């Protein structure tokens, strides 16, 4: 019961969910272990590359290890403390700020090491002038930190895209087995088995195709043709139920059907248009799906009339933000997902670069 | 027994009609695709039982049941629903009859057998528990034996008039039996009480004017044909009315 009442408050915001995943948990012991391991490997590599004939390898190794471990451990502690602050800054900024802070940390430690060797009169430990020592530390730590940040960034984006993909699949499936849709469709089929057996047969086939399309192969891109076909099947099932109340105008003739698009985009949007629009209108209305192509960009928009004062808020934002994030991941700033609710109509417009499949 | 079928989806009505054909003693005497048609038709065909879908656009099943209750011969009601966890819990708690879609024959016959009239209070608590709006969206008025459903959004004001309450709305005036106090409870969010015997729709108020003798008068938006001289704010309601009008 408590679970249920907490529902609307704890409404899952996928933006929030994914933002937690940019950075690894630097406070965890396992992360610390990996950091130490990598630090040692770097120390090893640097020593191998630089020790001369009159130097003892292990002594050189221990010197660079000492410096590098300090940098690594202090850097990890810093990232652990600043994790929440960085997560709030969004992915790109988090990595840039992280990079700057870590390079500064290594400079501070290098300076500290230099001063300590002076104070204790052991200046021979660092056989270098102050300026070149700092410069070398700066160059090496910049390179290493840049690589590390790049690695973390790429792997976090990869994790995010996998998660969004799975989320899209799950929410599409959830919508299909949404009791409201499933039981009403079953009731329709039960009714048709007597009055119109051949249409009942078609309805069962359509429902199966729809389930198959959603369960099916887990490619994350499909062609416009496939996407529109799935949407058309969905439309047929809803049409049986809603009759004349549902009209859909497809104006997509100018779109290249072989163009690729993140999968599970059109059908969920059509479903939103019906569930949040048409179904709430006693007289029904028309969903408009239109598409056009200009140069290297495609634009698809789906709009539905809105019932005054009626809202079904649940689920809508979830699906929208999922589509938004997947377009962003797939095309970066070259794609936009725009939502417009003026003029008694709710319109979603997708713009994304043309990317045609080879036949 | 005369049965009426109400559902916004045609195949769902078809299904119920098919099943009713197999029930000896029950006749389908009419079907309606929305709540308002259902209420009007029920006043005509006087069904004994109404099979009523809960989730319908416009006027939902609970409100329809509410209006059916005010008919001269209120029918017994059996709700139908595809899935509605909260409503079902509420029905179970109050032994209100319902059938789940897809509808099973056995379930339908037992629901028809046990169909009973619903008390308005039970309906209200069902609406609350099912998280549906408890305020009606229509007011049901009878004039010369004819039934009228007035959308609440069309109403300018309610005025108590000895035995009845007069409702001024976009299409004229009607009289209803409800008490002004009950109406104030139900529609308090969209209407303000201006004196003991009148309640005005916030959305139609244009401004408040001061008369020569120092009284405050509500002026409605142009086009609302209500005798403005009557809409005087009593001293007791003035502060509250001012406060609520500020937000408009």
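Here, each number is a calculation from the coordinates, and none is a lab measurement. Everything numeric here is computed off the predicted structure, so don't read it as measured data. Neighbour counts run over all protein chains shown; Cβ positions are idealised from the backbone, glycine included.
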Counting other beta carbons within 10 Å of each Cβ, put A:275, A:51 in order, fewest first.
A:51, A:275
In percent, what relative contact order does the range B:174-248 have, based on Cα pairs under 8 Å that are 6 or more apart in sequence?
25 percent
Which of B:45, B:152 comes first, and how do the rest follow, when ranked by fewest Cβ neighbours within 10 Å?
B:45, B:152
Where labels lie 7 Å past Cα in the beta-carbon direction, separation of residue B:129 and residue B:40 in nm:
3.4 nm
On a 0 to 90 degree scale, rounded to 10, what angle separates helix B:10-21 from the longest Cα axis of chain B?
50 degrees
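What is chain A by shape, rounded, prolate or oblate, if you read a ≥ b ≥ c off the alpha carbon gyration tensor as root eigenvalues and call it rounded for a/c under 1.5, prolate for a/b larger than b/c, and oblate otherwise? The partial results should precede the final answer.
Details: a/c = 3.22, a/b = 2.88, b/c = 1.12.
Since a/c reaches 1.5 and a/b is larger than b/c, the shape of chain A is classed as prolate.
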Inter-site label distance for residue A:125 and residue B:211 at 7 Å from Cα along Cβ, in nm:
9.7 nm
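Shielding of B:78-89 by partners, i.e. mean partner chain Cβ atoms within 10 Å per residue?
Counting Cβ atoms of other protein chains within 10 Å of each residue's Cβ and averaging gives 2.
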How much length, in nm to one decimal, is gained on full extension between residue A:221 and residue A:293, taken as 0.36 nm per residue of separation minus their Cα-Cα distance?
24.0 nm
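What percent antiparallel are the DSSP beta bridges of chain B, to the nearest 5?
The answer is about 65 percent antiparallel.
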At R0 = 60 Å the Cβ-Cβ FRET efficiency linking residue B:239 and residue A:147, nearest 0.05, sits at 0.30
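Once you sort the root eigenvalues of the Cα gyration tensor of the protein assembly as shown as a ≥ b ≥ c, which label holds: rounded (a/c under 1.5), prolate (a/b larger than b/c) or oblate (the other case)? Walk me through the numbers on the way to the answer.
Values: a/c = 2.91, a/b = 1.94, b/c = 1.50.
In terms of gyration-tensor shape, prolate.
For chain B, what is the relative contact order in percent, using Cα pairs closer than 8 Å and at least 6 residues apart in sequence?
Working: 429 pairs, mean separation 26.7, N = 248.
Value for chain B: 11 percent.
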What percent does the relative contact order of chain A come to when contacts are Cα pairs within less than 8 Å and at least six residues apart?
13 percent
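As a test of the formula, what do you get for the protein assembly as shown when each DSSP H run with n ≥ 4 contributes -39,500 (n - 2.57) and the sum is divided by the residue count, at 222 nm and rounded to the nearest 500 deg cm²/dmol?
Value at 222 nm, helices only, nearest 500: -16500 deg cm²/dmol.
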Shape call for the range B:2-129 from the C-alpha gyration tensor, a ≥ b ≥ c root eigenvalues: rounded (a/c under 1.5), prolate (a/b greater than b/c) or oblate?
rounded
For helix A:224-242, report the angle its Cα long axis makes with the longest principal axis of the Cα atoms of chain A; keep it between 0 and 90° and round to the nearest 10°.
40 degrees
Pairing the Cα long axis of helix A:179-195 with the longest principal axis of chain A, what angle in degrees results, from 0 to 90 and rounded to the nearest 10?
30 degrees
The residues B:28, A:80, A:27, sorted from fewest to most surrounding Cβ atoms within 10 Å, come out as A:27, A:80, B:28
When you look at the Cβ of every residue in A:279-288, what mean number of other chain Cβ atoms sits within 10 Å?
3
Compute the normalised compactness of the range B:126-248: alpha-carbon radius of gyration over 2.2 N^0.38 Å, N being the residue count.
1.08
